[in-house]
Amino acid sequence: MNSFKKNLLKKRYNAERRFQWYGKIAIGLALTFLAVFMFQIFSKGYSAFQKTWIVTEVHYDKELLLIDAESPSKDDLENADYYDVAYKAMTSLDPGLPEEEDRQLIQMVSYKYETEVKDLLLKNPDFLGKIVPIKLTASDDVDQVHKGNYPRDIPEKNRRVNDYQLQIYDMLNERGDILSEFNISFFTSPDSREAELAGIASSFMGTVFSILVCLAFSFPIAVLAAIYLEEFAPKNKFTDFIEVNINNLAAVPSIVFGLLGLGVLLAVFNLPRSTPLVGGITLSLMTLPTIIIAARASLKAVPPSIREAALAMGASNMQTTMHHTVPLSMPGTLSGTIIGLAQALGETAPLILIGMVAFVNTIPGTPVDPAASLPVQIYIWSESAERGFVEKVSACIMVLLAFLILMNLAAQIVRHKFEKKWS
Amino acid sequence: MNLILVTFIILLAFTSYYFGRKKALVIQSSQRLTALPKFYGYYLAAWCAAPALIIFALWSVFEPSIVKTFILQDYTDQSLTKNELQLIYTKVKALAAGTYTGNITNFLDESANKYIQLKGIANSAKVAIILAILILSLSFAYRSVQKNDRMREPVEIFLKWVLFVASLGAVLVTIGIVFSLLFEAIRFFQAVKIFDFIFGTHWYPAKTFVRDGQPDPELMKDAFGAVPLFAGTFFIAFIAMCVAIPIGLLSGIYLSEYAGRGVRKYAKPIIEILAGIPTVVYGFFAALTVGPFVKEIGNAMGLEVSAESALAAGAVMGVMIIPFISSLSDDVITAVPQNLRDGSYAMGATKSETVKKVIFPAALPGIVGSILLAVSRAVGETMIVVMASGLAANLTMNPLESTSTITAQIVVILIGDQQFGDPKTQSAFALGISLFIVTLFLNVIALSVVKKYREKYE
């Protein structure tokens, strides 16, 4: 009997320990997912912040540039023919190469290399007639080889960089003519079909504009609505209905808001397609319930003694609310707003539906210019097959996550710094 | 033009605020004020801006459709369909704006001239009416300022109305959703029988693509069967819940019952980071890392695995939902009264026995509610499926094959340029309304369950 009891107790204690372990394993799994995920993104993405250049020499030959004037003006330089000069700059890397094979060398730099040759001369007009070194953007294939993201040992016919190009690359690399620098153009240039030229400037501005529009629409309406519902609304069927409505709206899938934007904002109000204005309004409809709920919660947290004191001093209901309750609730409301905006920042599906997925290679200057947004940019790039875009996507994700972390930190700071603790 | 008008109204409102306040100071010298001087300003400003802006908004909403009926009156004798009329109207507008590039007929030219003329009349009428209203309302308001009527009450009543109208915003959004979805969906169901939509087993809308003319009704019948999509949606949600429920629930229980203060302080926010990551990022992760990984493992075991398997999408979705379930169940479990625990311990039960036999049953309604909310989240999730699972609607229960969902199909149909009036485009709205109904149903049940549960212990 005694041993039976002992056994039972042992069993129960084992079960207890096992159960604890299940919990620990579950938490461990969740944390592992997060770690693997972050590791993947960072290990794939950090190299996008480096840009590869190929250094060569360019001879700004007046004859090849087709410049006749003795002292050419800016316009002459602007209109000169840079094709041959740029071409020579690349082919001079291997003078022994037969002419029909030249493309192999040209393919090693980005297709915009001619513009780069031109821009250097426009910046330094005194280079005319001289032989000067120049940095050209390497093509994304060479870029990937240089970063070690591209396997060199697969058979040549399956490779986008052939043996000859690898040979030239090795030669240049040995000479120190392959440079790696911080990739400023990733932040300053718009989207491009070529991975080596693509940047996030257009989608970044698109995101900024959408979020501002979203804030401008959702914040005032949400705060006013919250004030009404919390401070003035009579308790009746209709206000109950509004309340249920808001709670349900907060759980409606985001894509449905995209359909709303498409069916109402674009089709009925004829607002311009693919613009941050429409995107922002669509997102504001989504964040509206989130902000209302946060604002109501923080209005509710203001103790009744504040209201009673104000009323006792003869303030009207409206004055009590506007002068005392609302200002005291602002920290909570603001941090809720920032969290709502952070959610809107990561939304993709509704923006795709209202056409913010279009290819935009200009940087938008106003909310009514076509634009993408950062999450949509992630989607667009991840759909393209080129290897160079994988690191771009990861880098874009890092920027987006940094943005989100900053916003959440801001929300925390607002909450902890300014919120009064009522005890 | 509109911008100038609105700016003018707003500027006038500001001026009248200062004017009203000044007037109050003048009145003060002879009689007692009924309110603070600023209320005189608010009173005037509100009377200045509100009526004019309301009329302006109404005008802007109704003007285009009135102009449209006037223009299209000339075409009524040609027995054109609605879509053709719409096309003509678009052409007329483009011609009037000078952006039309097609063939200009006399008739079109005439209409465009008429359009420009009508617009001109409408614009001057609008300005005149708004100016008249401004004068009327300002003079009315000024008279009551002069008479030194009560000023604070009307301003506060006005403010209260503003607050009330703002609170209607959320209701308007819901109405907007329902109507925009219904409007297109009803037109879709005129072309496709609702029965074929709900019970058909083939989803292949690309088949019905037509540029001009009427789509073939025979093709339509077999192209819009949504069963594979419903099945795919719930299948992927099921896979997600298989990942999320055990991990989320167990970590929720551990955090609320076992974890020390230190672990809780750090582990909880870190797990919640998972919920803050944008879904497009999960989609990328699923497509690039998890999908190939699942495929490799499957191939090593001799199974045929699609690179875009439902399993990869579902598993990643599950990871996304973990914090949702864990923090909700954590809250629910913490809300279980301490005396239930104490009672169980007093009977000699171990902690895990207490959790399993006392706390879990007590918290069950709340947990079920949070799971339902999580399911609704999984059903509505879009980007992960678009990027990581297939876009072809297979009717399959094999997690290693690719399937598609309602949300993914909406994106597939509506990405790029859409033609309104095309049954393919309309089908997206029909899918949207079924998605809305399903999630609404789940949410209503979940919210009411959770609410009842809260009331029980409060």
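The values are calculated or read from the model by the stated rules, or taken from the named source; none is laboratory data. Owing to the predicted nature of the structure, the values given are computational and were not obtained by experimental measurement. Neighbour counts run over all protein chains shown; Cβ positions are idealised from the backbone, glycine included. Heads up: the accessible areas ignore ligands, DNA and RNA and are worked out on the full protein's heavy atoms, side chains in. Shrake-Rupley method; radii C 1.70, N 1.55, O 1.52, S 1.80 Å.
General remarks:
- Taking every alpha-carbon pair within segment B:354-444, the share separated by more than 21 Å comes to 48 percent.
- Paramagnetic label zone (point 7 Å from Cα along Cα-to-C-beta, residue A:173; backbone N under 13 Å) in segment A:20-46: none
- Value of Rg/Rh across chain A [Cα atoms, Kirkwood radius]: 1.15
- Percent accessible area from carbon and sulfur atoms, the protein assembly as shown, protein chains only, probe 1.4 Å: 63 percent
- Between residue B:204 and residue B:135, the FRET efficiency from the beta-carbon distance, with R0 = 45 Å, is close to 0.10.
- Accessible surface, segment A:53-182, averaged per residue in Å² (probe 1.4 Å): 56 Å²
- Inter-centroid distance (Cα atoms) of segment B:176-201 relative to segment A:63-117, Å: 59 Å
- Helix runs (DSSP H) in chain B reaching 30 Å along axis by Cα, Kyte-Doolittle at least 0.5: B:2-30, B:37-72, B:106-146, B:152-191, B:227-253, B:310-334, B:423-457
- The GluC sites (Glu not before Pro) of segment B:302-367 that DSSP puts in a loop, and whose beta carbon has at most 12 other beta carbons within 10 Å, are B:304.
- Segment A:370-423: chymotrypsin sites (Phe, Trp or Tyr not before Pro) in DSSP coil with no more than 10 other Cβ atoms inside 10 Å: A:422
- Computed from Cα positions, the angle between helix A:326-345 and the longest principal axis of chain A comes to roughly 40 degrees.
- Between the beta carbons of residue B:122 and residue A:232, assuming R0 = 41 Å, the FRET efficiency works out to 0.60 to the nearest 0.05.
- Size descriptors for segment A:53-182: radius of gyration and Dmax over Cα atoms are 15.9, 53 Å.
- Evaluated on chain B, the Kirkwood hydrodynamic radius is 28.0 Å, with distances taken between all distinct Cα atoms.
- For segment B:221-457, accessible area per residue (1.4 Å probe, heavy atoms of protein chains only), Å²: 38 Å²
- Tally of Lys pairs whose C-alpha atoms are under 17 Å apart, taken over segment A:35-117, 8 or more apart or cross-chain: 4
- Protein accessible surface hidden between A and B, which excludes ligands and nucleic acids, total in Å², probe 1.4 Å: 6300 Å²
- Nearest 10 degrees, 0 to 90: helix A:163-175 Cα axis against chain A principal axis: 90 degrees
- Compactness ratio for segment B:221-457: Cα radius of gyration over 2.2 N^0.38 Å (N = residue count) comes to 1.16.
- Alpha-carbon centroid distance for the pair segment B:324-367 / segment B:10-89, whole angstrom: 59 Å
- Shown here for segment A:208-301: trypsin sites (Lys or Arg not before Pro) in loop regions (DSSP other than H, G, I, E, B) with at most 16 other Cβ atoms within 10 Å, namely A:235, A:273.
- For residue B:22, a cut-off of 27 angstrom between C-alpha atoms picks up these lysines, skipping any fewer than 8 places away in its own chain: B:38, B:147, B:160.
- Summarising the label geometry, the points placed 7 Å from Cα in the beta-carbon direction at residue A:312 and residue A:101 lie 9.6 nm from one another.
- Residues listed by number, segment A:105-146, amide nitrogen under 16 Å from residue A:75 label point at 7 Å toward C-beta: none
- With protein chains left intact and a 1.4 Å probe, residues in segment A:201-418 average 37 Å² of accessible area per residue.
- Normalised by residue count, the protein assembly as shown yields a Cα convex hull volume of 263 Å³ per residue.
- Segment B:221-457, relative contact order in percent, only Cα pairs under 8 angstrom and at least six apart counted: 29 percent
- Relative contact order, percent, segment B:7-131 [alpha-carbon distance under 8 Å, six or more residues apart]: 22 percent
- Computed from Cα positions, the angle between helix A:113-123 and the longest principal axis of chain A comes to roughly 90 degrees.
- Förster radius 51 Å - calculated FRET efficiency between residue B:445 and residue B:191, Cβ distance, rounded to 0.05: 0.95
- Between segment B:223-264 and segment A:359-416, the alpha-carbon center distance in angstrom: 28 Å
- q = 0.10 Å⁻¹, segment A:201-418: log10 I(q)/I(0) [Debye, one scatterer per Cα]: -0.51
- Reach of residue B:451 by Cα under 12 Å, taken over aspartates and glutamates that are not fewer than 8 positions away in the same chain: none
- Relative frequency of Cα-Cα separations exceeding 15 Å in segment B:61-103, percent: 45 percent
- Relative contact order for chain A, counting Cα pairs under 8 Å that sit 6 or more residues apart, in percent: 19 percent
- 5 angstrom amide H check on residue A:57, placed H, neighbours 5+ away: A:134
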